[in-house]
Amino acid sequence: MADEQRIAVLEQHVRALYEQLGALREQLRARGESSPAPAPAPAAAMAAAPEPVSYIDHTPAPVAASEPPPPPPPRAAPRAPNVAPQHAPDIDLEKLLGRYGTIAVASLAILMGVGTFLSWAIEHGLLGPTVRVVLGFVGAIIVAGVGLWVREKRDVRFGNVLLALSLAIVHVDAWAAGPHLQVLSTLTALTIAALASAALAALALTSEERTLFAIGFAGALLAPFVTAREPGSVVALLTYGWVVIALSLFAIRERGWRPVLWLTVIGATVYVLAAAGGPHNLDNSWLATHAPVIFAFACAAAGILFARDTLRSKLALAFLLLACIATLGYSIHARTLEVGVSLFGIIASYLIARELETDERWLVIGNVVVPLGFLFATIVSATDRSIQALAAAALTVVASLLAWEDEEERAHHLFVAAIASGIAIVTWLVGDDTRCIAALALHAALFTVLLRSTRSRLLVPPIIFSLMIASAWTFILLAARSPYAYPPFATIPSLCALAVLCAWAFLAYALQPTPLETSAEHKSLASLVSAMAIGVAFVWVRQELVEAWSPDTASFALIIYYALAGLALIFAGRSRHVGLWRAVGLGLAFYASYKAFVQTFTINAIGLRVGARIMVGVFLAAVAYWYRAPSKPEGEAPAPDAAPDAPPAGASVNASTL
């Protein structure tokens, strides 16, 4: 296409833009809105516009004298009228107090006024118990009627507040009619309060009002606590609570009101805590003891059956987590049932979590938190060590099978298997120190092998925790030996320490970054575990020498050991360019010199005293020589692009020799 044709096409586009702008201005004038001042006509504007710059060829194109002047360059689109950005409104304290604070104060004032009048009438014998109860229900009906009228004619929110107030009056009156005045039976008072809450919830469903339904649901859950003076049957309480929760979940199954759904979890938690903390003297049967966990499982089943597909898995997992808390409330000794309960809850948690594919947090709850919660609940409630070990071993088997089957969530299941197997070892072998330490070291080594093959960082915490327990336990055994009566490095605790140290070293080796793991996080983790392994080795050797042979020999060996350890750390720090190792090595070297100069006076053998001081001096001289050597800058690796024939840093180069 020639340059003249390109300019002609550009002119056509510019004319079309001006026509569209003119149409927009006419529409704005028709709506009575302000518009920018009209621009000159397209033809006049094109006649007066300068020659455009060609975006294809920087050489100006020749234009015939008979042709009209080229159109102006396209202008920017007209800016919209300046409108302030819509920020999120701040909390208006005045409106908040005006709308809600006033009605709250007014309700409190009315209730206090009515209460004062009723107290005066009761003191003078003007109102009997039955009359008081009837007046209370009549007042609740009047407030509810006014609330319905206000909802239809005036303001929906204000009418909802009045309806909630009427429900509160019904609950207070039901408490007075039942346990306080004994005008009605407890069951009758509970029925009245529950029906009032149900009526309010039904009204909320018909009008699609979430807040009003939440008030009615909460009122129904609170009804047993406000209509009974003393706690009754735990089974009856939890049965009532489950019916309310299940009916509420069924009523809102198509609406998916999240606040109400999580309110069901809160209400179920209150019921479980009330049942676990209340007395069981009225019904001390097997069912009453296990009612809280059965109630939580039943709530999870209701959540699966009635909640929407996107929410039912999360809701069911929340109820299963509540079942873990309920299991902690067992007041009887553990039986096989507790292991059965844990297995049932764990399997249910795994099955529910399989429906979750995108939410990582809930996957962790279903695959890790709930299974370990059931295991912890069983171990706490059980008093038989075999039952505890059996529960942990069972969870280990289940998690291992799932890890073998599910590759995407294998890290979660391996994490659970590592923790559960460690708990099983400790609970089963806690009475045998050496066997338990050896088993923990072997346990850490086995899961380190899995770590090397899967590169799952979730296995690192349980392995480290297992090794820390084994290390602390080993040092306790080393310190408990008879002073100066054991052969160093040749006792059973010494063998345990060697096994633990090998497990630490294997873990540090397995965590060395691969060519694909070049991030600073991988390197920091490897350095941390290596430092922990070095620390375990240092403490073990020190504990072997501190009370070995005789006091003089032990003091001499300890001084030499500190000096050698400092020398080794300085050498390793210089070769690996780790400043922390060099700093610790220097500290040990100076500490060895302190012991050689000051604490050697307690050594009676003059040969050992002199030998310790001379050897420490030699080691410090070697350290000084290393630090004066100009081979490499301190703490830096040689430059990767340095030429092999480059002269050492600081050397002068004569240009004539080049």
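The values are calculated or read from the model by the stated rules, or taken from the named source; none is laboratory data. Keep in mind that what you see is a predicted model, and the values were worked out from it rather than measured. Counting neighbours? That spans all protein chains shown, and the Cβs are built from the backbone with ideal geometry, glycine included.
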**Message:** Whether any residue in the stretch 128-150 is modelled with pLDDT under 70, over 21 Å from A189 (Cα atoms) and in a helix (DSSP H, G or I) is what I want to check.
**Reply:** no
**Asked** Since V500 meets every condition but one in (1) crowded, with 21+ Cβ neighbours inside 10 Å; (2) more than 21 Å from V426 (Cα to Cα); (3) of a type outside the set (D, E, K, R), which condition does it not meet?
**Response** (2)
**Asked** From the list R258, R253, which one is modelled with pLDDT under 85, among the basic types (K, R) and more than 11 Å from F306 (Cβ to Cβ)?
**Response** R258
**Asked** Restricting attention to the stretch 471-523, which residues are more than 17 Å from A533 (Cβ to Cβ), under 30 Å from the mean Cα position of the chain (by Cα) and outside any helix (DSSP H, G or I)?
**Response** T514, L516, E517, T518, S519
**Prompt:** Filtering the stretch 220-240 down to residues that are small (G, A, S) and surrounded by fewer than 23 Cβ atoms within 10 Å (Cβ to Cβ), which residue is modelled with the highest pLDDT?
**Reply:** A236
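Taking the options L351, L402, L375, name whichever one is loosely packed, with under 15 Cβ neighbours inside 10 Å, over 30 Å from L495 (Cβ atoms), modelled with pLDDT under 95 and under 28 Å from the mean Cα position of the chain (by Cα). Let's see the steps before the verdict.
Details: L402 fails: loosely packed, with under 15 Cβ neighbours inside 10 Å; L375 fails: loosely packed, with under 15 Cβ neighbours inside 10 Å.
Matching residue, one of L351, L402, L375: L351.
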**Message:** If I ask for residues that are under 25 Å from the mean Cα position of the chain (by Cα) and free of Cβ contacts under 8 Å to residues at least 24 places away in the same chain, which ones from the stretch 527-537 would you list?
**Reply:** L528
**Prompt:** In the stretch 443-463, what residues are surrounded by fewer than 16 Cβ atoms within 10 Å (Cβ to Cβ) and among the hydrophobic types (A, V, I, L, M, F, W, C)?
**Reply:** L446, V449
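Condition check ((1) in a helix (DSSP H, G or I); (2) surrounded by fewer than 15 Cβ atoms within 10 Å (Cβ to Cβ)) across all residues:
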residue	(1), (2)
V539	yes, no
E544	yes, no
E547	no, no
S555	yes, no
L558	yes, no
L567	yes, no
L580	yes, yes
G585	yes, no
